[in-house]
Each structure stands twice: as structure tokens, then as C-alpha cells.
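Bear in mind that the values in this text are calculations on the coordinates, not laboratory data. All figures in this text were calculated on a predicted structure; none of them were measured in a lab. Quick reminder, even Gly has a Cβ in these numbers, built from the backbone with ideal geometry, and neighbours come from all protein chains shown.
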Amino acid sequence: MAAFDLTGKVALVTGGNGGIGLGMAKGLAEAGATVMVAGRDADKNRQAVKALGANADAVAADMAEEAGVKAVVAAAVQKFGRLDILVNNAGINIRKPPQDYVMEEWHRVMNINLTSLFVCCQAAYPHLKTRGGKIINIGSMMSIFGASFAAPYGASKGGVVQLTKSLASAWAGDNIQVNAVLPGWIDTELTKGAREQVSGLNEKVLARTPAARWGTPEDMAGIAVFLASPASDFITGTAIPVDGGYSAQG
Ligand code: NDP
């Protein structure tokens, strides 16, 4: 369908070498986009490019630093000559009770999940505005709900939703749509860590999720294609849960 066709578009997916980012990158590639993924781990980058096929490449950078974020955007434009779609997906969590965080941990989570996301949007803006474009920011169920073990993560992901609304308002006149996706509990390296650290989490997730299962990275492909494609041209500033009903159940 033409409304979902991404042929000729160039997408940058931060943290696209694994987990949710790779699930989204695969969807974008299948819909015809050329994809640049960014992550620190060169081996994971190589594997991701292999999985994505001929129209893909990877750039290794630490996106906790402003210079790393700018380098990633520059690499995508230099390699593929344009940028149409930005998926801000790179993210981390440090789990502990709020009273136990040291400032360095707070800043590390805020830097990668929120500040770098903003820097990436700023760096991408001049490229996106030349033809209109799409930004997809990855929030979380913790953009909506609290969790006793994830105070800075929740603060950063709440910020992602509010930032999304500001950017959507500011850049609508440039024909740039900015939306957030709020994944439910998705089975990735990140949540493997959570399951190890938070006792009873697996059972709680299964009991609370109406779909009665964990999501998979592949479950995230459809929303990425939708929000990257002309099908969503009149949708901006939203935060869409992809959660098997987790946020719908009281
Ligand atoms: P993973 O840990 O599987 O993937 C995280 C990705 O981010 C990796 O590709 C990693 O690459 C990259 N990354 C992390 N830190 C940096 C950095 N400093 N610089 C560059 N890249 C970095 O996590 P998920 O796939 O689960 O999570 C992806 C996003 O989805 C995150 O924003 C997360 O908060 C969010 N999310 C996840 C949920 C889940 O249930 N899994 C639920 C809700 C939200 P590398 O290691 O090579 O640097």
C-alpha cells in the first residue's frame, strides 16, 4: 500500500542493533527504507546490518555524549545523502530504590534517555525539514505509571512524552510529525536484566497484561512503519501504547 511505502526514505534508528530498535529497524527496512542503526557495540552493529539486508549500515558511537549523538546523525546523512525518519530508541535503566541513587547514576539515565534524545532531534531537524519528516521517540509504560525501582528512568520517560508534544507543536509547520511510542513489557536484553533484578516481575507482567504474554521486538515493527509513513501524516504529538493492553486495564 502506498500509504505505508517507505521506498527512497532514509531512517536512523538509535539503539537499532538489538531489542526494540532492531525490531523497528526491520519493519522500516521491509517497508522499503534504507536504515542506519547506531549503538556502541561493533559486533552487535555488524549482526544487525546483516539482519537488515543490503540497504543498511551501522555507526558505532556513545550517545550519552553530545558529540556522539551529532556524529550519528552526521554519519547517516553522509552515508545515505538525506534523512527522513528518526527513531530515538537508545535507552538504559538503573534499578534501585530512589534513596540509593548517586548523582552520576541519575545523570547517566537522564543523559541517554532524555537529553541525548533532544540533542538528536536538534541535530536531525535541519535534514528533516528539507522534505518534511518523522520522529518516533520511545517512551515506556513508566511514562504513565510509577515504579518503585526506576525513579530516574520514569522521570526521563515522562519527559520524553512532554518533549514529544513540544517538538510536535514547534515543527508541525515544517511538516515534521513527532510522536512517542510507549512499549509495554517487551522481551529484550534490558528486561532480561529487570527479570533478574526484580523478584516476581515475570509473573506480575503476565498477570497484568491482558494479552497474557511479553511483547517481542517484532511486535514493535508495525507502529514504526505506521508512524514513519504517509499513513500518519495528520498524527503528531501523540504517545501510543504498544502494550498488549497493559495500560488499558485498571
Ligand atoms: P536493549 O538493552 O535491548 O537495547 C538498548 C539499545 O540502546 C541497544 O541497541 C544499545 O546498543 C543502545 N544503547 C544503550 N546505551 C547507548 C549509548 N550510550 N550509546 C548508544 N547506544 C546505546 O533495550 P530495549 O530494546 O528493551 O529498549 C529500547 C528502548 O525501549 C529503550 O529506550 C527502553 O527504555 C525502551 N523500552 C523498553 C521496554 C522493554 O520492555 N524492553 C519497555 C519500555 C520502553 P549498544 O549496547 O551497542 O550501545
Inset, instruction - Identify all residues within region 15-55 that are away from the ligand (no atom under 13 Å from the Cβ) and not hydrophobic (A, V, I, L, M, F, W, C); write none if there are none. - result: 27, 30, 32, 34, 50, 53, 55
Legend entry - Among (1) of a type in the set (Gly, Ala, Ser); (2) in a helix (DSSP H, G or I); (3) within 16 Å of the ligand (Cβ to nearest atom) - the single one residue 172 does not satisfy: (3)
Inset, instruction - Could you check, for region 85-96, whether at least one of its residues is near the ligand (Cβ under 10 Å from one of its atoms), touching a helix residue (DSSP H, G or I) at 6+ places or on another chain (Cβ under 7 Å) and assigned to a helix (DSSP H, G or I)? - result: no
Inset, instruction - Go through the residues of region 122-136 one by one and say whether even a single one is in contact with a Ser or Thr (Cβ under 6 Å, 6 or more places away or on another chain) and surrounded by 21 or more Cβ atoms within 10 Å (Cβ to Cβ). - result: no
Legend entry - Pair list, Cβ under 6 Å, 6 or more apart: region 81-98 residue over 17 Å from residue 118 (Cα atoms) and without any contact (Cβ under 8 Å) to a residue 60 or more places away in the chain, other residue within 16 Å of the ligand (Cβ to nearest atom) and of a type in the set (Asp, Glu): 94/105
Legend entry - The lone exception for residue 102 - which of (1) of a type in the set (Val, Ile, Thr); (2) in contact (Cβ under 8 Å) with a residue 40 or more places away in the chain; (3) away from the ligand (no atom under 16 Å from the Cβ) it fails: (2)
Legend entry - Residue in region 175-184 that is within 12 Å of the ligand (Cβ to nearest atom) and either more than 20 Å from residue 13 (Cβ to Cβ) or β-branched (Val, Ile, Thr) (or both) present: yes
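Could you check, for region 159-168, whether at least one of its residues is among the charged types (D, E, K, R), part of a helix (DSSP H, G or I), within 15 Å of the ligand (Cβ to nearest atom) and within 24 Å of residue 116 (Cβ to Cβ)? Outline the logic, then answer.
To start, the set of residues in region 159-168 that are among the charged types (D, E, K, R) comprises 165.
With part of a helix (DSSP H, G or I) added as a condition, the list becomes 165.
Cutting the leftovers down to within 15 Å of the ligand (Cβ to nearest atom) gives us none.
Scanning region 159-168, I find no residue that is among the charged types (D, E, K, R), part of a helix (DSSP H, G or I), within 15 Å of the ligand (Cβ to nearest atom) and within 24 Å of residue 116 (Cβ to Cβ), so the answer is no.
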Legend entry - Answer from 143, 199 - the residue that is away from the ligand (no atom under 14 Å from the Cβ) and of a type in the set (Gly, Ala, Ser): 199
